[in-house]
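The values are calculated or read from the model by the stated rules, or taken from the named source; none is laboratory data. Only a predicted model underlies this, so the values are computations on that prediction, with no experimental measurement involved. Every residue, glycine among them, receives a Cβ derived from its backbone with ideal geometry; neighbour counts consider all protein chains shown. Keep in mind that these areas ignore ligands, DNA and RNA; they rest on the heavy atoms of the full protein, side chains included. Shrake-Rupley method; radii C 1.70, N 1.55, O 1.52, S 1.80 Å.
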Amino acid sequence: MTMHIDASSHPIDTPAEATVTWPKWPSHDSGTLKIVSEVLESTRWTISGAYTGQEAYERRFARAFADYCGTLYCTPVTSGTSALTVSLLALGVGAGDEVLVPGLTWVACASATCSVGAVPVLVDIDPTSLAMSPQAAEARINARTKAILLVHPSCRTADIDAFLDISTRHKIPLIEDCSQAHGAMWRGRKAGSFGALGCCSMQQAKVLTSGEGGAVVTSDPVLAEKLEQLRADGRLFSGTPVESRLELVERGAVQGQNFCLTEFQSAILLDRLQHLDEQNSQREVCAETLQALFKGEEDFITFLRRDPRNTRCTYYNLVMKVGLEKYFPGCTIDALALAMTEALNVQVSPLYQPMNSFRLYNPLSSPRIKNFLNKLDFEPARYPLPQAESARLYHITLPNWVLLGGADSAHRIAKVLRTLAAQPHKVLAARQAPTADAF
Ligand SMILES: Cc1ncc(COP(=O)(O)O)c(C=O)c1O
C-alpha cells in the first residue's frame with residue numbers, strides 16, 4: 001500500500017512544530033501534594049525511623065501494590081536495579097551461576113546479575129514482541145542456569161506460557177521484570193504474578209513512578225521474608241509496633257543491605273497507583289488511534305504484533321517499525337529518531353543497543369569479577385544476537401506520556417512521520433551520530 005503524504009503540511013523545523021508541548025510527566029494532583037505533605041509532617045521519613053502511631057506509607061503501598069498485582073506480598077525497594085538484585089539473592093543466585101537475560105533490554109538486567117556474581121547469559125529476542133525468545137532461551141540452559149530473567153518490554157508481554165513451561169520442566173525459577181509493564185495482563189492476570197518473583201522499577205520514565213523506586217511481588221512467604229530482610233540490612237517489621245520506638249527488628253537470617261524506599265516515595269506511589277489503570281487505558285486508546293492512522297501502510301509504519309493472550313497492553317513506550325529503506329533512503333534509524341525528536345519536541349529514541357555491544361554494559365571492567373576463574377564467560381561479545389541487531393536498525397520508540405494526549409497526540413505523531421517522509425533530505429541532514437538509546 002502507498003503512504004498518504006501531505007506534502008503541504010508544516011516543514012518539520014518550523015517553530016510551530018518544534019515548540020509542541022506534551023502532557024506533563026510525571027503527573028500529580030492535589031492528592032499527591034496532600035500525601036507528600038503528610039509525610040513531611042509525620043516525622044517518619046523512612047521505615048527505619050520510629051513508629052508514629054500510624055501505619056508506614058511503605059506498608060500501605062506494599063499492600064496496595066500486592067493487591068493490584070494479584071500477589072500475596074510486595075517488598076518496596078529503592079529501584080528496579082535493587083529489585084532485581086534482591087530477587088536474585090532471595091533465589092540463592094550467586095558466583096558460579098548463570099542467569100538467562102534478554103539480549104535487548106536496559107543494561108540493569110545484566111549489571112544486576114553481575115552484581116551478585118552470576119554470569120548474564122545473553123539470549124536473543126523474538127522479533128514480533130522484542131521479548132526474549134523461548135526457543136533461544138531453552139537452547140542456553142545448562143546445569144549452571146539458576147534463574148530466568150524475563151523482561152516484558154516496551155508495550156508487549158513476553159510469551160509467559162512458554163517461559164512457565166520452560167521454568168517448570170527445567171526447575172529453574174522465573175523472575176518477571178515488569179519495569180516496563182505495570183498493569184499489563186496475560187490471559188486476564190497481571191504480569192509479575194506468574195513467576196516466582198515479579199520486579200518493577202518506578203523510575204521517572206515508568207508508568208508508575210516516584211522518581212526513583214522499585215518493588216518485588218511474590219506469593220511465596222519464604223521468599224517474601226527473605227526479601228524483607230535483604231532490603232533492610234537484615235531487619236523485619238516487628239508486627240507489634242510501639243509508638244516512638246523503632247519498628248524494624250534485627251532478624252539477620254540473611255545478609256541484607258539498605259535498599260529501603262523512603263516514605264515520600266511510598267506515599268507518591270500509593271497515590272499514583274489509583275490512577276494507573278485509567279492512564280494505561282488512555283495510552284492504549286491513543287496507541288490504537290495511531291495504529292489505525294497507518295492502517296494499510298504497513299510498508300511504512302508497523303506496530304508490534306499483539307498476542308491475543310496479552311489481554312492488556314501497557315505502554316512504557318510505543319514502538320514503531322519504520323520502512324526505512326523505502327521511505328527514508330540512506331537514513332539511519334538514529335537520524336530519523338533525532339529528526340523526530342526535534343520535530344515533536346520530545347525524546348524519540350531507537351531501541352537499546354543489543355547487550356553484546358551496549359556501551360553501558362562493560363562487565364569485564366568491574367572489580368567484582370576480577371578474580372573469577374570464569375571471567376571470560378562475562379564477555380558480552382561471546383553471545384550472538386542477530387534478531388536484536390536487526391530489530392535495532394528499524395524501530396523507534398516514543399515515551400509513555402505522549403500517549404496521554406489523546407487523539408491529538410496520535411495525529412501529531414502521524415503528521416510528523418508523513419512530513420519527514422515527504423522530505424527525507426531533512427532527515428539525512430540530521431546528525432547521523434547515534435542518539436540516546438531508548439530509556
Ligand atoms: C526492564 C528494566 N529492568 C530494570 C530497570 C532498572 O530500573 P531502575 O532504573 O529503577 O534501577 C529498568 C529501567 O529502565 C528496566 O527498563
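Rundown of residues vs (1) within 16 Å of the ligand (Cβ to nearest atom); (2) surrounded by fewer than 24 Cβ atoms within 10 Å (Cβ to Cβ), yes/no style:
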residue	(1), (2)
Arg63	no, yes
Thr71	no, yes
Leu88	yes, no
Leu104	yes, no
Val107	yes, yes
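Looking only at region 406-427, which residues are touching a Leu at 6+ places or on another chain (Cβ under 8 Å) and basic (Lys, Arg)? Steps first, answer last, please.
First pass over region 406-427, keeping only residues touching a Leu at 6+ places or on another chain (Cβ under 8 Å): 409-414, 416, 420, 426-427.
Matches in region 406-427: Arg412, Lys426.
Within region 354-371, take every residue that is of a type in the set (Ser, Thr, Tyr) and within 21 Å of the chain's Cα centre (by Cα) and give me the one that is farthest from Arg382 (Cα to Cα). Explain how you work it out, then say what you get.
Filtering region 354-371 down to residues of a type in the set (Ser, Thr, Tyr) leaves 357, 361, 365-366.
Applying the additional criterion that residues be within 21 Å of the chain's Cα centre (by Cα) yields 357, 361.
Values: Ser357: 10, Tyr361: 13 Å.
Of everything passing the filter in region 354-371, Tyr361 is farthest from Arg382 (Cα to Cα).
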*Determine if region 376-388 includes at least one residue that is open to solvent by 30 Å² or more (accessible area, probe 1.4 Å) and closer than 19 Å to Leu304 by Cβ.*
yes
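Is there a residue being within 16 Å of the ligand (Cβ to nearest atom), modelled with pLDDT of 95 or more, part of a helix (DSSP H, G or I) and crowded, with 20+ Cβ neighbours inside 10 Å anywhere in region 138-154? Walk me through how you get there before you give the answer.
Applying the first criterion (within 16 Å of the ligand (Cβ to nearest atom)) to region 138-154 yields 147-154.
Imposing the further condition that a residue be modelled with pLDDT of 95 or more reduces the set to 147-154.
Of the ones still in play, those that are also part of a helix (DSSP H, G or I) are none.
Scanning region 138-154, I find no residue that is within 16 Å of the ligand (Cβ to nearest atom), modelled with pLDDT of 95 or more, part of a helix (DSSP H, G or I) and crowded, with 20+ Cβ neighbours inside 10 Å, so the answer is no.
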*Only listed residue being within 16 Å of the ligand (Cβ to nearest atom), part of a strand (DSSP E or B) and out of contact with any Lys or Arg (no Cβ under 6 Å at 6 or more places or on another chain), chosen from Val217, Val207*: Val217
_Condition broken by Phe194, with the remaining ones in (1) within 24 Å of Gln265 (Cα to Cα); (2) in a loop (DSSP other than H, G, I, E, B) satisfied_ = (1)
_Every residue from region 155-167 that is open to solvent by 40 Å² or more (accessible area, probe 1.4 Å) and among the hydrophobic types (A, V, I, L, M, F, W, C)_ = Leu164
*Out of curiosity, is Leu174 over 18 Å from Val99 (Cα atoms) and touching a helix residue (DSSP H, G or I) at 6+ places or on another chain (Cβ under 8 Å)?*
no
